[in-house]
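Student: Starting off with a structure, shown below.
The values are calculated or read from the model by the stated rules, or taken from the named source; none is laboratory data. As the structure is a prediction and not an experimental result, all values here were calculated from the model. Cβ sites come from the backbone with ideal geometry, for glycine too, and all protein chains shown count toward neighbours.
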């Protein structure tokens, strides 16, 4: 750590080590606004305040529960500008929970579908003679048509930030 004006600071390598992220990830976080722009030393090294460790850890925790980097950049920029984006954070978390509930329901449907497919496949393999093809994977096309199931019932993640 580098001492500067009585407060502890970290170079990007030390911040990366403290948070378990790569310096490239930290640069990306800075580029999109998840981390504030770090001042640089005369030799060009980024210097982060010690509070950057907690900020990165908060971001990592939020990512684990479904927040996107774009959403985090939005609320953290508002916070850095003196705002109180708590209402927005709460709203986003509610949306995450609704999405999780939808995913759970889709998984339950998929589980029922796979059970039906396995029952059909068991019958097909038992009916086929030794060395005969049962066309298991090709039977999925017929099963999807019969069930009316969509090919992908899960939510798609938002596309990452454009560079």
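Student: Here are 92, 76, 63, 72: which of them is free of Cβ contacts under 8 Å to residues at least 12 places away in the same chain and assigned to a helix (DSSP H, G or I)? Quick ask: steps written out before the conclusion?
Tutor: Working: 92 fails: free of Cβ contacts under 8 Å to residues at least 12 places away in the same chain; 76 fails: free of Cβ contacts under 8 Å to residues at least 12 places away in the same chain; 72 fails: free of Cβ contacts under 8 Å to residues at least 12 places away in the same chain.
Going through 92, 76, 63, 72 in turn, just one is free of Cβ contacts under 8 Å to residues at least 12 places away in the same chain and assigned to a helix (DSSP H, G or I): 63.
Student: Any chance the range 128-138 includes a residue that's assigned to a helix (DSSP H, G or I), modelled with pLDDT under 90 and outside the structural domain of residue 64 (by TED's automatic domain parsing)? First the steps, then the outcome.
Tutor: Taking the range 128-138 first, the residues assigned to a helix (DSSP H, G or I) are 136-138.
Going one step further and asking which of them are modelled with pLDDT under 90, we end up with 138.
Right, trim to outside the structural domain of residue 64 (by TED's automatic domain parsing) and you get 138.
Yes, because at least one residue in the range 128-138 is assigned to a helix (DSSP H, G or I), modelled with pLDDT under 90 and outside the structural domain of residue 64 (by TED's automatic domain parsing).
Student: Still on this structure, I have one more. Quickly run through the range 9-49 and pick out the residues that are in a loop (DSSP other than H, G, I, E, B) and under 20 Å from residue 72 (Cβ atoms). Break it down into steps so the answer makes sense when it comes.
Tutor: Step one: of the range 9-49, the residues in a loop (DSSP other than H, G, I, E, B) are 20-22, 33-39, 41-45.
Residues satisfying the conditions are 20, 21, 22, 33, 34, 35, 36, 37, 38.
Student: Here's a check for you: in the range 80-89, which residue that is assigned to a helix (DSSP H, G or I) and modelled with pLDDT of 95 or more is farthest from residue 56 (Cα to Cα)?
Tutor: As a first pass, look at the range 80-89 and keep what is assigned to a helix (DSSP H, G or I): 80, 86-89.
Cutting the leftovers down to modelled with pLDDT of 95 or more gives us 86-89.
Numbers: 86: 18, 87: 21, 88: 19, 89: 17 Å.
Top of the filtered list is 87.
Residue-by-condition table, conditions (1) surrounded by fewer than 11 Cβ atoms within 10 Å (Cβ to Cβ); (2) touching a helix residue (DSSP H, G or I) at 6+ places or on another chain (Cβ under 9 Å):
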{"site": "33", "(1), (2)": "no, yes"}
{"site": "85", "(1), (2)": "no, yes"}
{"site": "94", "(1), (2)": "yes, no"}
{"site": "112", "(1), (2)": "no, no"}
{"site": "125", "(1), (2)": "no, yes"}
{"site": "131", "(1), (2)": "yes, no"}
